[in-house]
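Here's the structure we're looking at; comments come further down.
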Amino acid sequence: MAYLTLKGINKIYPNGYHAVHDFNLEIEKGEFIVFVGSSGCGKSTTLRMIAGLEDISSGEFLINGEYANDKGPREREIAMVFQSYALYPQMSVYDNLAFGLTLQGVDEDVIDQKVRHVANILGLTDYLERMPRALSGGQRQRVAVGRAIIRKVGVFLMDEPLSNLDAKQRVTMRAEIAQIHRQTGATTIYVTHDQIEAMTLADRIVIMKTGYVQQVGTPYELYFKPANLFVAGFIGEPPMNFIRRTVKNGCIEIGGKQLDISYKLGQLKDSYEGKDVHFGFRPEAIVLGEQENAFVLDANVELTEMLGDNTNVYVNIADANAILKVNPHDTPATDSDIVFSIPKESVYLFDSETEDVIDIEAVGAAVN
Ligand code: ADP
């Protein structure tokens, strides 16, 4: 197991494109880190710099405290599973698993023992003699994972390893990857654009946008304490609702109602006078009907989506739109008028200019 340090890492591609900006992170031994963000935000580039497959333009990369920028991929003792799990089609599962060790000249008995051990962890024991074409997508993916974990490495890297699987297989493999991590305890970095994979697998998530790290935190921190508008909108499904409004006398107006948001502004109240904020609340935070200690709004139902465990209700609040998550038994009729409450403690405010969360606790003001 290894720990990794990334200090001020940048990647500028030969064509001048600055793909990763000032990336800083300490990854502890055995930690499961997920890089998440939309396509093109620099996740794979960062992973490839860690693997040694891409040069680091500037900054320092350390493995177990040792400078590793110049180390080749093999010297780093890192194994990687790619998106397209290239298995050797003419070799059995056994030989695919054994291949790397055979190349290294490892003793056949030792190889046999390791192949059987890994096959056991991954539930592949009954398939060792099969050819890859006779396996399902999920089984092939397990062989690819097996090839990576069969070598004793300090770090395990995975780049969108489930993207070629169908939805059901992805859920199964996700649980298996979590299980493998528990069994091997290997330091793991996992790249995905899927927030559910990030939330379910990670000890800590690194969320990126256009080459910049937006926030690093546990799934809990990212969901409940998003640092900015991007993180708040990225984590959570359906995403957080945002309504942009101008602050007047510590209040904003939504659907003809004055909402006093001064408790969220604290001593910053004056500085936000006349400025725009994004008022944010999660679809699942609302309660139908009127509640105490909440903002109560009137809305008209545009559309409902009954999903079984809940219903997504798309509403109009005068000139604003929102999605509300409700119990399916309480699904309102399309075009009906409803009343809903947003508990005050579930409200987020973001500075519309900087897009950062307005966090009065962070600036040391008293909450009224
Ligand atoms: P992600 O993994 O988050 O989808 P990547 O790290 O693959 O994103 O890419 C980040 C950005 O760098 C993208 O805009 C991509 O087009 C660009 N990029 C990737 N590889 C190269 C390259 N070899 N030369 C120039 N630009 C590249």
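Since every read-out is calculated from the coordinates, none of them should be taken as a lab result. The model shown is predicted, which means the values in this text are computed figures rather than measured ones. Please note: Cβ atoms are built from the backbone with ideal geometry, for glycine as well, and neighbour counts cover all protein chains shown.
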Would you please put 25-38, 268-281, 188-201, 123-136 in order of how densely packed they are, using the mean number of other Cβ atoms within 10 angstrom per residue and starting with the highest?
188-201, 25-38, 268-281, 123-136
Rounded FRET efficiency, nearest 0.05, which uses the C-beta distance separating residue 29 from residue 55 and R0 of 22 Å:
0.25
Using amide H atoms built in the peptide plane, which far-off residues or other-chain residues are under 5 Å from residue 215 H to H?
207
Give the separation of the Cα centroids, region 20-91 to region 247-266, in Å.
46 Å
Could you pull out every one of the lysines with an alpha carbon less than 20 Å from that of residue 71, ignoring same-chain neighbours closer than 8 positions?
7, 11, 29, 152
Note, region 14-24: 3J(HN,Hα) by Karplus (6.51, -1.76, 1.60, θ = phi - 60°), whole Hz, Gly/Pro = x, goes x, 7, x, 6, 8, 8, 9, 10, 6, 8, 10
How far is helix 167-184 tilted off the main Cα axis of the chain, in degrees rounded to 10, range 0 to 90?
70 degrees
Taking R0 as 51 Å, what FRET efficiency do you get between residue 290 and residue 75 from their Cβ-Cβ distance, rounded to the nearest 0.05?
0.20
Residue order, fewest to most surrounding Cβ atoms within 10 angstrom, among 41, 251
251, 41
So residue 99 and residue 66, fully extended at 0.36 nm per residue minus their Cα-Cα distance, gain in nm 8.9 nm
If you restrict to DSSP beta bridges whose two residues both lie in the chain, what percentage is antiparallel, to the nearest 5?
75 percent
If you stretched the chain out fully between residue 319 and residue 129, how much longer would it get, using 0.36 nm times the residue separation minus the C-alpha to C-alpha distance?
62.1 nm
Let me have the relative contact order for the chain, percent, based on Cα pairs under 8 Å that are six or more residues apart.
15 percent
I'd like the FRET efficiency for residue 82 and residue 354, computed as 1/(1 + (r/R0)^6) with the beta carbon distance as r and R0 of 45 Å, rounded to 0.05.
0.75
Which of the lysines could a cross-linker span from residue 248 if the Cα-Cα distance has to be under 30 Å and same-chain partners fewer than 8 positions apart are dropped?
225, 257, 264, 269, 275, 325, 344
Positive-end extreme of charge dipole, the chain - chosen from 224, 280, 153 (charges on Cβ):
153
